[in-house]
Amino acid sequence: MSTALRKTTRPPAGVAPQVEQIVIGKDILELVSSSMYVDPMTVYREYVQNAADAIDLARAGGLMETDEPGIVAIAFDTPSRTVRIRDNGAGVPWDRFVRTLTGLGGSAKRGTQARGFRGVGRLAGLGYAQELVFRSRVTGEDEISELRWDCRRLKALLRSTEFSGGVADLITQVVTVAQIPAGAEPQRFFEVELRGIVRLRSDRLMTPAAVAEYLSQVAPVPFSPEFSFGAEISSAMRTAMQPADLHIHVNGSETPLYRPHRNTFDAGGGRMLAYEGVEIRQVPDMDGAPAALAWVLHHPYEGAIPVVNLVKGLRLRSGDVQVGGSAVLEELFAEQRFNAWSVGEVHVLDRRIVPNGRRDDFEQNAHLNNLINQLAPLGREISRRCRSNSIRRNWVRRFQLGEAAVQETIDALAQGSIGAAERNSAAGSASITIAELDRIASMPLLAGEEGDALAKAAKALRSALDANAAPRASDDSPLAALPPTERAGYERMFELIYECSVNRVAARKLIDRITAKVTAATDN
């Protein structure tokens with residue numbers, strides 16, 4: 001069997017090779033829209049990011065006063081399963097409206113300070129709604145520009161084996177454009193409307209609380225006025241960048257979204273822990289200029305931050321928009337689990353460090369590698385704090401267990417129901433434990449108020465033990481009224497109860513009940 005080989009031909013010297021036909025199939029539209037994103041909630045991130053860019057453009061063009069807030073209003077209509085996302089940015093004029101909103105790639109934002117630049121983020125809603133509508137108006141226009149994507153027809157044509165057209169043919173089949181009366185609408189705005197949103201993952205796309213929770217973490221919103229470290233962090237950020245500080249109002253809420261950071265956080269088990277301070281670092285790039293600004297909130301580092309706080313992990317941001325999730329910088333830590341113990345952000349400033357198309361990480365290059373290397377000392381420092389605090393807590397826990405055991409012994413001695421031999425043995429064992437507690441309290445790791453408190457507790461135990469270890473007078477015993485032989489029998493039984501019980505507190509309560517019954521019978 002022989003195989004024929006196709007002969008390769010080369011163009012003459014100095015002549016560029018010619019490609020007769022380039023085909024861009026319809027499926028490219030699906031690849032750059034819904035198939036590009038893993039989490040459907042990124043739809044909101046993409047549209048809010050575009051809103052932030054439009055608001056920046058309005059400020060740069062003098063369309064907004066310096067103190068005028070950038071506003072994004074997100075409104076839900078549950079019966080029609082519709083969401084509207086409107087901003088007060090620059091808008092898109094009619095002469096560029098259709099081309100801008102139907103083009104794939106080639107965004108005019110590339111090379112600027114804008115957050116988005118690939119020209120595909122606006123298509124994120126195509127896979128999650130029955131209809132995607134864009135509306136805009138700019139100052140000076142009397143009508144509103146409107147463009148509608150028929151997402152149901154789009155999906156049908158993507159599945160169809162009969163439709164063989166390319167991506168341009170597909171767009172002309174599913175897009176309609178119109179200019180509509182402006183009425184009382186604002187002079188300047190841009191709006192995205194997703195109609196007939198599909199039901200996915202507990203219907204989070206149509207749950208205002210879930211959307212607010214998501215955007216409070218990823219969107220460029222300000223810190224809460226109730227967060228004591230917010231002003232310090234924001235001031236440091238403004239020395240290196242211009243935060244968007246969008247006022248995002250979800251479903252008509254008068255209060256805008258804030259980042260989830262507060263002065264305390266839920267550590268689990270009903271315990272609230274407070275942040276102890278903020279550490280802010282500037283990270284240099286390969287040329288010595290600022291590559292990133294990092295801040296970390298230090299706290300007792302008692303374990304992984306519960307998810308309910310919405311702040312766990314050292315997170316990456318570009319243009320003040322989160323890139324990836326809470327685990328994107330796990331590799332910085334001596335043990336990856338320590339990332340979940342930390343709270344902080346790294347704001348990338350170097351324009352050569354570029355988010356990938358999905359914004360779940362950055363494109364790999366030398367500048368990103370330099371950033372990771374420069375952040376490594378921060379990861380080691382947090383890891384050291386985590387380990388140190390873990391060791392400290394283990395010693396404190398050991399102290400508490402020993403303290404509880406000694407207190408149980410003291411309670412048993414104070415009960416006066418065991419014989420002299422057992423009293424001496426129990427007191428001697430408790431004395432040895434107190435010596436161990438003194439040693440723990442004096443450890444350098446526990447120096448300060450915590451160590452002083454432990455030493456004071458050990459001293460109090462020593463005093464209580466000394467007061468109860470001495471033999472008690474015969475008439476001071478709860479069994480004093482019993483004949484000596486019977487009393488000795490009870491004392492031996494009580495010793496066995498203590499010796500065989502795994503719970504001294506339960507044993508003491510049992511002996512108290514037995515003693516009460518014996519004493520009551522004797523009195524009668």
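Do we have Ser216 as free of Cβ contacts under 8 Å to residues at least 24 places away in the same chain and in contact with a Pro (Cβ under 7 Å, 6 or more places away or on another chain) here?
Numbers: free of Cβ contacts under 8 Å to residues at least 24 places away in the same chain: no; in contact with a Pro (Cβ under 7 Å, 6 or more places away or on another chain): yes.
It is false that Ser216 is free of Cβ contacts under 8 Å to residues at least 24 places away in the same chain and in contact with a Pro (Cβ under 7 Å, 6 or more places away or on another chain).
So if I check each of Ala453, Ala441, Ala447, Ala470, which one is at pLDDT 70 or above, surrounded by 18 or more Cβ atoms within 10 Å (Cβ to Cβ) and on the phi < 0 side of the Ramachandran plot? Testing whether each residue is at pLDDT 70 or above, surrounded by 18 or more Cβ atoms within 10 Å (Cβ to Cβ) and on the phi < 0 side of the Ramachandran plot leaves just Ala441.
Each row is one residue, and each column tells you yes or no for (1) part of a helix (DSSP H, G or I); (2) in contact with a Pro (Cβ under 9 Å, 6 or more places away or on another chain); (3) among the basic types (Lys, Arg).
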position: Arg351; (1), (2), (3): no, no, yes
position: Asn373; (1), (2), (3): yes, no, no
position: Pro377; (1), (2), (3): yes, no, no
position: Arg384; (1), (2), (3): yes, no, yes
position: Gln400; (1), (2), (3): yes, no, no
position: Ala426; (1), (2), (3): yes, no, no
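Look at region 47-66: where a residue is in a helix (DSSP H, G or I) and a partner is open to solvent by 20 Å² or more (accessible area, probe 1.4 Å) and of a type in the set (Lys, Arg), sitting 6+ places away or on another chain with Cβ atoms under 7 Å, you get Gln49/Arg115; Asn50/Arg122; Ala52/Arg115; Asp53/Lys109; Asp53/Arg115. Just to be sure I understand, how many residues within region 377-387 are open to solvent by less than 40 Å² (accessible area, probe 1.4 Å) and out of contact with any Lys or Arg (no Cβ under 7 Å at 6 or more places or on another chain)? Counting residues in region 377-387 that are open to solvent by less than 40 Å² (accessible area, probe 1.4 Å) and out of contact with any Lys or Arg (no Cβ under 7 Å at 6 or more places or on another chain) gives 4.
Test Ala52 against the criterion of being at pLDDT 90 or above and hydrophobic (A, V, I, L, M, F, W, C), and give yes or no. It is true that Ala52 is at pLDDT 90 or above and hydrophobic (A, V, I, L, M, F, W, C). For region 362-376, the candidate set comprises residues that are without any contact (Cβ under 8 Å) to a residue 60 or more places away in the chain and in contact with a helix residue (DSSP H, G or I) (Cβ under 9 Å, 6 or more places away or on another chain); within that set, the residue that is surrounded by the fewest Cβ atoms within 10 Å (Cβ to Cβ) is Ala376. Evaluated against (1) part of a helix (DSSP H, G or I); (2) touching a helix residue (DSSP H, G or I) at 6+ places or on another chain (Cβ under 9 Å); (3) surrounded by fewer than 17 Cβ atoms within 10 Å (Cβ to Cβ), Gln282 falls short on exactly one condition, (1). Of all residues being within 30 Å of Ile353 (Cα to Cα) and without any contact (Cβ under 8 Å) to a residue 60 or more places away in the chain in region 117-148, which is nearest to the chain's Cα centre (by Cα)? Just the residue, please. The residue in question is Phe117.
So that you can scan it fast, the table gives a plain yes or no per residue for (1) closer than 30 Å to Met241 by Cα; (2) out of contact with any strand residue (DSSP E or B) (no Cβ under 8 Å at 6 or more places or on another chain):
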| residue | (1), (2) |
| --- | --- |
| Leu126 | no, no |
| Ser136 | yes, no |
| Leu154 | no, yes |
| Leu158 | no, yes |
| Gly166 | no, no |
| Asp169 | no, yes |
| Ala178 | no, no |
| Ala182 | no, no |
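If you filter region 73-102 down to residues that are touching a Phe, Trp or Tyr at 6+ places or on another chain (Cβ under 7 Å) and open to solvent by less than 30 Å² (accessible area, probe 1.4 Å), you find that the one that is modelled with the lowest pLDDT is Leu101.
Inspection of region 409-426 finds no residue satisfying the criterion of being among the charged types (D, E, K, R), at pLDDT 85 or above and open to solvent by less than 60 Å² (accessible area, probe 1.4 Å). The set of residues in region 233-276 that are farther than 20 Å from Lys312 by Cα, in contact with a helix residue (DSSP H, G or I) (Cβ under 7 Å, 6 or more places away or on another chain) and outside any loop (DSSP other than H, G, I, E, B) comprises Ile248, Val250. Counting only residues that are under 14 Å from Trp295 (Cα atoms) and among the acidic types (Asp, Glu), region 305-355 holds 2 of them. Annotation note: Cβ proximity below 6 Å between a residue of region 438-455 that is within 14 Å of Arg393 (Cβ to Cβ) and a residue that is assigned to a helix (DSSP H, G or I) and charged (D, E, K, R) (sequence gap 6+ or interchain) occurs for Leu445/Arg392.
Being loosely packed, with under 14 Cβ neighbours inside 10 Å, modelled with pLDDT of 95 or more and not polar (S, T, N, Q) is a description that applies to Ala178.
Would a scan of region 187-204 turn up a residue that is among the hydroxyl-bearing types (Ser, Thr, Tyr) and in a loop (DSSP other than H, G, I, E, B)?
Start the filter on region 187-204 by keeping residues that are among the hydroxyl-bearing types (Ser, Thr, Tyr), which leaves 202.
After this cut, where a residue has to be in a loop (DSSP other than H, G, I, E, B) as well, the list is none.
Checked against the condition, which is being among the hydroxyl-bearing types (Ser, Thr, Tyr) and in a loop (DSSP other than H, G, I, E, B), region 187-204 yields no hits at all.
All of Ser160, Ser216, Ser202 fail the test of being of a type in the set (Ser, Thr, Tyr) and within 27 Å of Thr66 (Cα to Cα), apart from Ser216.
In region 285-296, of all residues being in contact with an Asp or Glu (Cβ under 8 Å, 6 or more places away or on another chain) and either assigned to a strand (DSSP E or B) or of a type in the set (Phe, Trp, Tyr) (or both), the one that is surrounded by the fewest Cβ atoms within 10 Å (Cβ to Cβ) corresponds to Pro290.
The values are calculated or read from the model by the stated rules, or taken from the named source; none is laboratory data. Bear in mind the structure is a predicted one, so any value in this text is a computation, not a measurement. All Cβ positions, even for glycine, are placed from backbone atoms using ideal geometry, and neighbour counts span all protein chains on display. Calculation scope for accessible area: heavy atoms of the full protein, side chains included, ligands and nucleic acids excluded. Shrake-Rupley method; radii C 1.70, N 1.55, O 1.52, S 1.80 Å.
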